[in-house]
Each structure stands twice: as structure tokens, then as C-alpha cells.
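In what follows, a structure is listed as C-alpha cells, so that the remarks can point back to it.
What follows draws every value from the coordinates through simple rules; no lab data is involved. Computed from a predicted model, the values in this text were never measured in an experiment. Ideal geometry is used to build each Cβ from the backbone, glycine not excepted, and the neighbour counts take in all protein chains shown.
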């Protein structure tokens, strides 16, 4: 479902770019940032239409937000019977690596357009933040 949304958004990105009056010239940094902010807003709005969405037996995607040129995914994890402290200690490195690899593989168009993706994971029971990962284009060269 999320992949279909991303494909739709990528198509929208191409249409949006081709319909701008700037298509025949190089975008200035200011124009590119402005365009990216609009794309991020559209992406978040489109993805939120199908939320919340169960990802697996532990994970639910609750909401997607726009933060300037960053798409912010907010997930809720059902970590019982583990504590927040245990999950933070034992799972941070593994989660960061998995999220970075997955994002670099599935979201190249966003990353190549200088749109970052931030992932926030909260505990279902305590509602506290467990993890926060931000993936940018440079992150992909480090894996």
C-alpha cells in the first residue's frame, strides 16, 4: 500500500515538475527548496488518507507529516513485554541500519531530490519516543 502511494507521489512529482514554468531552465536552490516543500506536503497528505496502517504485528504507521523538505513517518511499536529502555538499548542499531537500507533502496527519487525522510517510533504503552532516524541522500553512501 505504501509503495503504491510512493509510486503515485513520484508520478505527481514528475507532473508537477513538468508543469512548472521553470522546466526549461535550471531550478535555483531557492526554487528547488520551495518545490520540495510543496512535494513533501502533497506526499504527507496523500499518505495520511490510508492511515493508520498496520505494518506487522508490532508496528503501526500512525501518521505522516511534512516538516519543510522532510517527510516524517510516525510509527507506534507494540514492544510488550519489553520496556522502553530495553528496546532503546537492544534495538536502536539494528533498526537504524534496517531503516537506512530500506529507505535508500525504496525512496531514491525523494533522496535524489534532496527530500529527507525521518522515522519516529513511539511506544504503544508509554507513548514515549523510542527511536528517531533521519535518512538523507548522504546516508546512503555510508551503508
Task: Simple spin-label estimate for residue 132 and residue 46 in nanometres, 7 Å along Cα-Cβ - done: 2.7
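What fraction of the Cα pairs in the stretch 77-143, stated in percent, has a spacing above 16 angstrom? Show your work: numbers first, answer last.
Details: 1071 of 2211 pairs.
So the portion of pairs separated by more than 16 Å is 48 percent.
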Task: Principal axis dimensions, largest first and in whole angstrom, of the stretch 52-93 by Cα - done: 34, 21, 13
- [ ] Could you give log10 I(q)/I(0) at q = 0.14, 0.16, 0.22 Å⁻¹ for the stretch 24-143, computed by the Debye formula over C-alpha point scatterers of equal weight, without solvent?
- [x] -0.64, -0.81, -1.29
TODO: Using only Cα atoms, locate the centre of the stretch 89-103 and the centre of the stretch 119-143, then give the distance between them in Å, rounded to an integer.
DONE: 8
